[in-house]
Amino acid sequence: MAGNTDFREFTLSEEHDALRDAVHQLATDKIAPRAADIDETGEFPWDVYEALRAAGFHAIHIPEEYGGEGGDALAACIVIEEVARACAASSLIPAVNKLGTMPLLVGADEQLLKTYLPKVASGEAMFSYALSEREAGSDAASMKARAVAKDDGWVLNGQKSWISNAGVSKYYTVMVVTDPEKGPKGGISAFVVHDDDPGFSLGTPERKLGIHGSPTREILFDNCWIPGDRIVGEVGTGFQTAMKTLDHTRVTIGAQAVGIAQGALDVASAYVKDRQQFGKPIASFQGIQFMIADMAMKLEAARQLVYVAAAKSERGDPDLTFFGAAAKCFASDMAMEITTDAVQALGGAGYTKDWPVERYMRDAKITQ
């Protein structure tokens, strides 16, 4: 093996460390105090969006040539992780902006990039991603939404489900069938749709277990005409663009899961040091020590896998598909386990909204 194997899967630079410190401070000062209220009201946190935008953390992945910060995939993961540590719903601001614009970054021409990326970089607009339908979730190739060429443009009909930040995003990358005879390999295309396009509308907000501050809705197309220059890449390349997008952005969901788990572990660790039973802190009991140690061990294993996947995303390694999926799967399972253990560590207090661990547990479920 020696000689041609590079074990330097990722390196956290001084810039990454400084970024983490900056995002952590902002999240502690501006986001964490708002997290319970965001969860309770279910309202999109525009004040948090403004704080992230002012710091350049709302879409750190946008390249510098389009007015962005030019952060690499590791930087994007650090931002999402640190924000999720305070509030999972708020972490979907940078995560969904990356998800919505990634199809453009992997498949669009220069004109489309120049049209949309600067608006996201400046904070003028947010971008969402629309692939799933009511009967086409994991089986995305069975989608029914259609686009038919007409008058130098396309007419869209159908619906898309489970669209994160629908209603607050201005732009949507939408995958629809353009040639039903060709199947997914050549019959699906990607388009950019605006929220003010005639024939575009929103469904009723979903009533969800967690991430209440990130709206999730259907988007609907009723003879929605869009100009032809809004296609992402060539006709028929939409499914490939969608799959490439997911390869890169599953990693960010892994980062979100790591952040949620870290937040829960922080609360649990502090609580067991303070909580007294039988005349001493419960942190002195071996059973609690084993629980906290296992939580920390699994969390760090997930973080390392996510960072390796992020580095592969940045390099475009051929095994990204596996590592991106593995990072998301492992980190999300870990987050569910750690947040559940955090509720257990707090005992009855963990089941109340006086403590944030029940929120972390509900929010963690979406990552799975």
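The values are calculated or read from the model by the stated rules, or taken from the named source; none is laboratory data. Not measured: the values here are computed from a predicted model. Glycine gets a Cβ as well: all are built from the backbone with ideal geometry, and neighbour counts include every protein chain shown. These accessible areas exclude ligands, DNA and RNA; they are computed on the full protein's heavy atoms, side chains included. Shrake-Rupley method; radii C 1.70, N 1.55, O 1.52, S 1.80 Å.
The residues of region 290-368 have, on average, 46 Å² of accessible surface per residue, using a 1.4 Å probe with all protein chains present.
Carbon and sulfur atoms: what percent of the 1.4 Å accessible area of region 230-290 do they account for?
Whole-percent figure for carbon plus sulfur exposure: 55.
Please name which of Val148, Leu74, Gly203 has its Cα lying farthest along the dipole of region 66-213 towards the positive end, using unit charges on Cβ (Lys, Arg +1; Asp, Glu -1) and the Cα centre as origin. Highest projection toward the positive end goes to Gly203.
Dividing the helix sum by the residues of the chain, where each DSSP H run of 4 or more adds -39500 (n - 2.57), gives a mean residue ellipticity at 222 nm of -17000 deg cm²/dmol. The long axis of helix 357-367 is offset from the longest Cα principal axis of the chain by roughly 30 degrees. For region 178-275, the per residue solvent-accessible surface stands at 41 Å², with DNA, RNA and ligands left out and a 1.4 Å probe. Two decimals is fine: what's Rg over Rh for region 66-218, C-alpha atoms, Kirkwood radius as Rh? Dividing the radius of gyration by the Kirkwood radius yields 0.97.
How far, in degrees from 0 to 90, does helix 110-122 lean away from the longest principal axis of the Cα atoms of the chain, to the nearest 10? So the inclination is approximately 40 degrees. A Cβ-based charge dipole, computed about the Cα centre of the chain with Lys and Arg at +1 and Asp and Glu at -1, lands at about 840 debye. Heavy-atom surface analysis with a 1.4 Å probe gives region 1-145 a carbon and sulfur content of 48 percent of its accessible area.
By the Kirkwood approach, averaging reciprocal distances over each pair of separate Cα atoms, the chain gets a hydrodynamic radius of 21.2 Å.
A simple packing score, the average count of other Cβ atoms within 10 Å per residue, orders the peptides 90-102, 64-76, 219-231 as 90-102, 64-76, 219-231, with the highest score first. In the context of the full set of protein chains, region 1-136 has a per residue accessible area of 44 Å² (1.4 Å probe). Net charge dipole, region 262-368: roughly 180 debye, given to the nearest 20, about the Cα centre with Cβ charges of +1 for Lys and Arg and -1 for Asp and Glu.
On C-alpha positions alone, give me the angle between the axis of helix 320-345 and the longest principal axis of the chain, in degrees, nearest 10. That works out to roughly 40 degrees.
For region 1-81, the fraction of C-alpha pairs more than 18 angstrom apart is 52%. In this model, which of Lys144/Lys328; Lys280/Lys365; Lys160/Lys244; Lys119/Lys208; Lys273/Lys298 are farther than 24 Å apart at the alpha-carbon? Pairs exceeding 24 Å: Lys144/Lys328; Lys280/Lys365; Lys119/Lys208.
Other residues within the sphere of radius under 10 Å centred on the Cβ of Leu112, judged by their own Cβ, net out at -1 (K and R +1, D and E -1). Scaled against 2.2 N^0.38 Å for its residue count N, the alpha carbon radius of gyration of region 276-336 is 1.61.
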